[in-house]
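Here the structure comes first, spelled out in structure tokens, and everything after it is commentary.
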Amino acid sequence: VSSRDCRKRRASFPHIGTHDVADTRARSAMRAVRRVPRVTPRVSPRARRARPRCGFRAGVSFAMATPPTRSGGAPLPGPEASADAASLRAYLARDTHARVSRLSADEFTSWLERETLERLHRDRPAALRARADATRRFHRRTLFPLEAAVAAADAAFDASDDRTRIYAAEKALAQARAAIEGITKHLAREDAVSEPGKGPGGLDCRGRGGAGDETEKTVAEKKRAATVARLDAARASLPSLRSTLEASKSASRLYRDREAARAALRDERARTGLDASERDAASAEKNAGFESGELGVAFEETGMHAVARLIRQGRFEVPGMFDDRSETDQDELFILRNVSLGMAFGEIDGALVRVRDARAAYASSPFQGKKKTSPSSEHLSTVSLEKKEETTSSSPPPVEVLAVFECKRNPDDARRGFLRRRADLLWLAGDETKNAYDPKRYANKHHPTGHFTRGYHPVRRMEPVMRVDSFGERRDEVLGAADDSEETKRRFPAEVSEKEKKVSAPEGALVVTKASFRRFADGGGGEETNSRGFYFPRLCLVTRPRAMCGLDTKVRAPLMQRACARVASHVFETRGEVLSVDAFACEIASLHESVSADPAGARRGALREVLAPFRDWLVDRNETFEEDGEKNSRLAALDDAASVFELYLDAAEDSDPRASGGVVLVDA
């Protein structure tokens with residue numbers, strides 16, 4: 001490849017091949033600047049209504065991840081969202097989806113070839129990681145024997161008594177150094193708060209002259225003197241501890257062999273440039289991971305705001321939202337975010353609950369804060385909670401969970417999220433006597449028996465949606481409606497004044513019990529419905545309507561990493577050398593052009609031979625989900641996200657017309 005062609009191809013893909021350290025630091029600084037939240041000036045309601053609702057507003061693009069908010073923090077009308085079966089049917093009917101697990105061998109190789117070259121072009125962290133892996137494979141004749149020697153030396157040293165002796169000496173030295181550092185900082189803080197005329201630690205000794213003051217001063221001086229003595233003793237012990245450690249190391253032949261093997265491997269990695277390549281790849285992957293995490297959190301917030309908006313607009317409904325009569329005339333619907341309820345692992349992204357009795361629904365969480373309650377207060381709290389749970393089977397609980405939401409920014413991850421939340425619901429709503437779940441799997445300090453009885457959700461992560469009157473109808477006017485328009489008829493929860501918040505907002509946490517999940521006890525459907533077993537329509541999936549490939553992230557990511565590394569290794573073997581970052585980018589661009597221009601050429605044939613074995617790897621990697629509860633043949637047939645969506649679509653077409661499709665599509 002000529003230098004002129006290389007420059008032209010780099011101009012087509014400027015983000016690949018940029019290896020300058022200063023440029024990398026500059027881009028990292030720009031990312032940090034973009035993550036700094038902007039301070040929005042206060043704008044009057046009249047001026048806010050006069051502003052345009054399209055294009056750019058106050059210098060902020062509507063394409064940002066976090067939805068724009070009102071002055072109080074409530075979301076403005078966000079991205080397009082739908083929850084009906086017709087929208088889901090239209091989304092599944094798109095011809096842009098691919099179901100990789102159902103492709104033939106040739107079709108799979110073609111798909112993997114296209115995706116691998118595209119990723120190496122567009123994804124800088126993936127390109128750097130592929131180059132690092134290919135560098136290690138290219139120097140395998142020298143690196144692999146050294147790595148094996150290091151592994152053998154480590155195993156021999158770990159199995160010997162020398163390891164225990166050396167680790168004990170290292171621990172004693174580390175503890176002495178930590179003690180010196182801690183005591184030094186403590187004395188520095190005491191000196192910083194001391195003033196003229198005051199004793200150690202800021203004790204005032206001026207003009208009082210009492211016997212008690214002299215006693216306090218004497219006690220403080222004695223404490224400081226003892227602390228200084230401990231510091232001197234720790235410093236004096238350092239030379240002996242160092243000599244003991246050095247003697248233990250020098251007397252151990254296995255330790256010396258291990259260090260020699262590690263030094264040889266370290267020198268070889270530095271000579272081949274593998275250390276530098278892996279450092280660059282790790283730095284790029286770390287920045288990409290931060291950005292990916294931020295995007296995921298932002299989509300959870302956007303998705304739950306979209307669900308609340310659909311409920312207010314009457315476009316999302318599940319059974320039980322407005323049907324049951326209320327005796328207190330104070331029923332409210334809330335959206336809960338990041339619901340953990342003391343689970344051993346994971347959390348529920350969102351839940352829709354109906355609070356029927358506010359007086360019995362809230363309590364002080366025993367896990368909130370560091371203050372310890374007295375035995376009498378603990379007894380009163382336990383008694384009050386037991387009284388709250390004294391409800392008959394016919395009477396509804398004070399807090400009732402109507403729907404659970406699993407938010408996935410990547411629609412291909414919906415299958416894994418669906419199966420995980422289904423397992424959690426088996427634990428939250430399952431019968432202990434039916435062995436619907438394994439209690440040992442969920443046992444922790446919050447649930448020592450492994451069974452769910454009650455959990456607490458902080459009030460600060462609750463979003464009010466609307467109220468329901470005694471006849472089971474909407475009461476949008478309670479949330480502050482003044483006009484006749486449908487959109488302005490409902491006041492957003494964050495627009496409530498601070499005075500109203502202080503009066504009406506309960507303290508502590510929302511108490512959620514097993515009875516709160518009573519509508520999930522039969523799997524979300526009756527005995528006669530085909531929705532039994534997967535909680536339709538109460539286990540709702542929130543995702544973006546993007547093209548699917550049929551592989552979730554935990555399968556697709558390692559597949560693409562291995563495929564990219566194999567392509568990079570193929571390039572290095574063909575050229576006979578390890579290419580620099582710039583030259584590797586040019587070679588990938590050349591390979592992409594040649595494959596597109598000559599599909600039947602020799603370069604494409606060699607590339608397909610490299611990628612063909614990954615189909616067998618994918619077949620071996622596909623994992624099956626082990627169900628804890630009853631066996632369901634329809635659940636066993638779920639091999640990708642599209643099959644889960646089809647399951648929801650079939651159930652929606654057979655269910656109550658008023659029910660939503662169970663899948664919320666948010667175009668964010």
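The values are calculated or read from the model by the stated rules, or taken from the named source; none is laboratory data. The model shown is predicted, which means the values in this text are computed figures rather than measured ones. Note that each Cβ is placed from the backbone with ideal geometry, even for glycine, and that neighbours are counted across all protein chains shown. Accessible surface areas use protein heavy atoms only, side chains included; no ligands, DNA or RNA. Shrake-Rupley method; radii C 1.70, N 1.55, O 1.52, S 1.80 Å.
Above 19 Å lies some portion of the pair distances; for segment 70-193, what is it as a whole percent of all C-alpha pairs?
Result for the distance tail: 80 percent.
If you add up the charges near residue 275, with Lys and Arg at +1 and Asp and Glu at -1, over every other residue whose beta carbon is less than 11 angstrom from its beta carbon, what do you get?
+1
Please find the FRET efficiency linking residue 433 to residue 345, where r is the Cβ-Cβ separation and R0 is fixed at 22 Å, and quote it to the nearest 0.05.
The calculated FRET efficiency here is 0.35.
Quick check: Cα centre of segment 114-193 to Cα centre of segment 547-614, how many Å?
If you average the Cα positions of each part, the centres end up 30 Å apart.
Carbon and sulfur atoms: what percent of the 1.4 Å accessible area of segment 226-324 do they account for?
Using a 1.4 Å probe with all protein chains present, segment 226-324 comes out at 54 percent carbon and sulfur.
Take the Cβ-Cβ distance between residue 298 and residue 596 as r, set R0 to 41 Å, and report the resulting FRET efficiency rounded to the nearest 0.05.
According to the calculation, E is roughly 0.70.
Evaluate the Debye formula for segment 212-261 with equal point scatterers sitting on the alpha carbons, no solvent, and hand back log10 of I(q)/I(0) at q = 0.14, 0.17, 0.28, 0.29 Å⁻¹, in q order, two decimals.
Values returned for q = 0.14, 0.17, 0.28, 0.29 Å⁻¹ are -0.57, -0.66, -0.94, -0.97.
Go through 279-285, 308-314 and give me the packing order, highest mean Cβ count within 10 Å leading.
Result, highest mean Cβ count within 10 Å first: 308-314, 279-285.
Whole-Å semi-axes of segment 274-336's equivalent ellipsoid, largest first, each the root of 5 times a Cα gyration tensor eigenvalue?
Calculated on Cα positions only, the semi-axes equal 47, 11, 8 Å.
Please compare each pair in 445/554; 185/445; 185/217; 171/223 to a cut-off of 32 Å on the Cα-Cα distance and tell me which ones are over it.
Cα-Cα > 32 Å for 185/445; rest within.
Rounded to two decimals, what ratio of Rg to Rh does segment 220-312 give with C-alpha atoms and a Kirkwood Rh?
In segment 220-312, Rg relative to Rh is 1.37.
Full-extension gain between residue 460 and residue 285, please, as 0.36 nm times their residue separation minus the C-alpha to C-alpha distance.
59.7 nm
Once you list every other residue whose beta carbon is under 13 Å from the beta carbon of residue 665, what net charge do they have if Lys and Arg are +1 and Asp and Glu are -1?
Neighbourhood net charge equals +4.
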